[in-house]
Amino acid sequence: MDELYQKSYQLVVIGAGPGGLCAATTAASLGMDVVVLDEQPSPGGQIYRGIANTPGRKSELLGADYQRGKGLVEAFGASGAKYLPHTIVWSLNSHRQIGILSDGQASIIQAERVIVASGAMERPVPFPGWTLPGVMNVGAAQILLKTAGVVPANGTVIAGTGPLPLLVAWQYLRAGVSVKAVLELSPGSNLWRAAPRLPRALAAGDYIKRGLKYTLDLHKGGVPIYYGISKLQAQGDNQIEAVEYGWDFLGFSRRETITTDSLLVHFGVIPRTNLTKAAGCNHIWDCGQQCWRPQVNIWGNTNVPGIGIIGDNAGIGGARSAEHSGRLAALEAARSLDIISTQERDRQGKDDLNWMRKDRRVRPFLEALYRLPDSLLVPQDDKTLVCRCEEISAGQIRQAVKEGHTDPNQVKFYLRCGMGPCQGRQCALAVAHIVAAENKYPVSEYTPFRVRPPIRPLNIAQLANLRRAED
């Protein structure tokens with residue numbers, strides 16, 4: 001085990017999802033000294049979580065997309081790349097020095113090349129009642145289903161936007177879980193926005209076909225799907241007791257309530273950027289994805305020499321696109337270290353580059369179809385909690401802007417939103433949208449929260465180990 005803790009590697013891959021697995025497998029096949037750092041106990045990332053240990057029957061229940069991960073994990077296991085599970089990355093700088101915490105030991109390792117493949121996170125969207133016990137992200141519920149077979153005992157309501165709510169509702173239906181309703185919060189006007197992009201999306205593969213299958217199976221299973229939902233609220237005192245929502249049609253509005261002790265929400269996914277911001281990588285505002293993302297070229301290169309970013313970490317593209325980007329970044333890493341020539345990199349990467357471009361043709365359609373309205377991105381009720389860590393409300397943020405704190409980072413320093421254990425993961429976007437709305441400027445005009453290490457929450461014992469490593 002000691003050889004895994006060497007201090008220097010040719011290539012360090014951060015994350016073991018589809019992109020990270022393909023990057024490491026490709027790099028190892030080229031003879032590179034590779035280590036993969038993974039917070040999870042086994043490779044697969046979120047989409048293929050626990051795939052190596054999932055029984056066949058359960059794997060079938062989760063669908064063919066999930067089963068695809070088994071081949072990626074097996075290829076990675078046979079590649080010879082080193083693997084460090086249960087490893088927290090708490091720091092990455094522009095010199096490719098990586099702070100890790102593994103098996104209770106904190107250390108700093110050096111890399112000639114780094115590929116960041118830590119994936120995406122569910123977009124946090126504050127709404128009334130979102131902090132009540134019983135309200136959970138759809139992705140978190142899917143993790144419980146994949147890893148432990150845990151599901152809501154009394155059924156659930158699923159609300160939000162994007163393909164994932166349909167997938168999880170479909171998986172729940174197959175598992176015998178009662179889905180009381182699926183509430184789609186995308187505005188109906190998005191259909192007109194997305195329609196011109198449909199022909200190109202159909203050429204990207206079977207994405208649309210799968211979405212239709214999930215929808216038809218849910219209808220056949222008696223799961224109601226309501227479209228054009230707005231003004232979502234979770235009601236209850238000490239835990240969620242009901243979901244209330246608005247339904248607008250042709251100028252008529254009505255309110256509906258569903259009794260439930262479980263609400264799963266999802267508002268799309270966004271790149272995990274705390275690590276890449278800490279490393280000094282340039283980030284740009286992506287209007288289609290409504291978030292900041294790292295600026296990369298087709299080989300995953302950033303403005304920081306030796307640091308590449310792939311998969312959903314570089315912009316949401318999905319699992320298949322992440323596989324291709326991982327292989328391309330590994331070829332670029334080998335080229336930069338003079339292991340292969342530029343011509344050989346281009347030759348080996350040609351197919352992946354073409355496949356990745358084809359796979360991404362569906363993205364403009366999905367981004368238009370599931371685009372979130374400002375009424376969701378900017379909490380309307382001043383009482384809505386925005387920063388859970390420091391208990392800062394939307395009203396407090398608006399008041400800070402009125403008092404002259406007109407930049408998200410100024411609001412952060414003044415109110416401490418973004419300084420709690422989550423380091424701004426849960427509130428950064430919401431704060432930026434509120435500040436932008438108050439100033440009547442595009443959110444793209446603002447600088448996102450600045451990031452300092454450690455870039456993820458650590459407990460007291462972990463912080464003590466971290467300080468010893470720094471000393």
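A protection proxy built from the mean count of other Cβ atoms within 10 Å ranks the segments 206-218, 106-118, most packed first, as 106-118, 206-218. The listed peptides 313-323, 36-46, 357-367, 73-83, ordered by packing as a protection proxy, come out as 313-323, 36-46, 357-367, 73-83 (highest mean of other Cβ atoms within 10 Å first).
Over segment 295-401, accessible surface divided per residue gives 43 Å², non-protein components excluded, 1.4 Å probe.
Summary of the geometry: segment 428-457 and segment 106-176, compared by the centres of their Cα atoms, lie 23 Å apart.
Taking θ as phi - 60° and the Karplus parameters 6.51, -1.76 and 1.60, the scalar couplings of segment 206-216 work out to 9, 4, 5, 4, 5, x, 5, 4, 4, 5, 5 Hz in sequence order, x denoting glycine and proline.
In summary, the lysines within cross-link reach of Lys277, defined as a Cα separation below 27 angstrom excluding same-chain residues under 8 places away, comprise Lys7, Lys82, Lys412, Lys440. Rolling a 1.4 Å probe across all protein chains gives Leu385 an accessible area of roughly 50 Å². Most simply put, the chain has about 50% antiparallel DSSP beta bridges, counting only bridges with both residues inside it.
Taking 22 Å as R0, compute the FRET efficiency from the Cβ-Cβ separation of Arg255 and Lys383 and round it to 0.05. According to the calculation, E is roughly 0.75. In this structure the amide hydrogen of Ala120, modeled in the peptide plane, comes within under 5 Å of the amide hydrogens of Arg272, none closer than 5 places in sequence on its chain.
Calculated mean residue ellipticity at 222 nm for the chain: -10500 deg cm²/dmol, from DSSP H runs with n ≥ 4 weighted as -39500 (n - 2.57), summed, divided by the residue count and rounded to 500. All C-alpha to C-alpha distances of segment 157-226, sorted into 5 Å bins beginning at zero, yield P(r) values of 3, 16, 24, 24, 18, 11, 4, 1 percent in whole numbers.
Packing here is the average count of other Cβ atoms within 10 Å per residue, and on that basis the peptides 295-301, 341-347, highest first, run 295-301, 341-347.
Annotation: amide H of Glu241 within the under-5 Å range of Gln235, Gly236, sequence separation 5 or more or interchain, hydrogens built in the peptide plane. For Ile115, nonlocal amide neighbours, meaning residues 5 or more places apart or on other chains whose placed amide H falls under 5 Å from its own, are Val12, Val13, Ile14, Gly308.
Its Kirkwood hydrodynamic radius, worked out from the mean inverse distance over all distinct Cα pairs, puts segment 187-322 at 18.7 Å. Taking the protein heavy atoms of segment 328-454 in the context of the full set of protein chains, the accessible area attributed to carbon and sulfur is 45 percent at 1.4 Å.
Taking the chain, the Cys residues with no second Cys beta-carbon under 4.7 angstrom are Cys22, Cys281, Cys287, Cys291, Cys389, Cys422. Radius of gyration (Cα atoms) of segment 91-247, expressed as a multiple of 2.2 N^0.38 Å: 1.33. When only alpha carbons are used to place a centre, segment 34-104 and segment 284-314 end up 21 Å from one another. Taken over the C-alpha atoms, segment 53-133 has Rg and Dmax values of 18.1, 49 angstrom. To the nearest 10 degrees, how steeply does helix 460-470 sit against the main Cα axis of the chain, on a 0 to 90 scale? That helix lies at roughly 30 degrees to the long axis.
Across the chain, Cα-Cα pairs more than 28 Å apart make up 53 percent of the total.
Other residues within the sphere of radius under 11 Å centred on the Cβ of Gln289, judged by their own Cβ, net out at +1 (K and R +1, D and E -1). Rounded if a/c is under 1.5, else prolate if a/b is larger than b/c, else oblate: which is segment 283-370, with a ≥ b ≥ c the root eigenvalues of its Cα gyration tensor? It comes out oblate by the Cα gyration axes. For segment 360-369, 3J(HN,Hα) computed residue by residue from phi via the Karplus equation (6.51, -1.76, 1.60; θ = phi - 60°) reads 7, 5, 7, 5, x, 5, 5, 5, 6, 5 Hz, glycine and proline entered as x. Given +1 at the Cβ of Lys and Arg, -1 at the Cβ of Asp and Glu and no other charges, the dipole of the chain around its Cα centre is 820 debye to the nearest 20. If a/c stays under 1.5 just call it rounded; otherwise compare a/b with b/c (prolate if a/b is bigger, oblate if not). Do that for segment 345-463, with a ≥ b ≥ c from the square roots of the Cα gyration tensor eigenvalues. Oblate, since a/c reaches 1.5 and b/c is not below a/b. Each of Val296, Gln171, Leu369 was placed along the dipole of the chain (beta-carbon charges, centred on the mean Cα), and the one lying farthest toward the positive end is Leu369.
The values are calculated or read from the model by the stated rules, or taken from the named source; none is laboratory data. Since we're looking at a predicted model, the values are computed, not measured. Please note: Cβ atoms are built from the backbone with ideal geometry, for glycine as well, and neighbour counts cover all protein chains shown. Note: areas computed on protein heavy atoms with side chains; ligands, DNA, RNA excluded. Shrake-Rupley method; radii C 1.70, N 1.55, O 1.52, S 1.80 Å.
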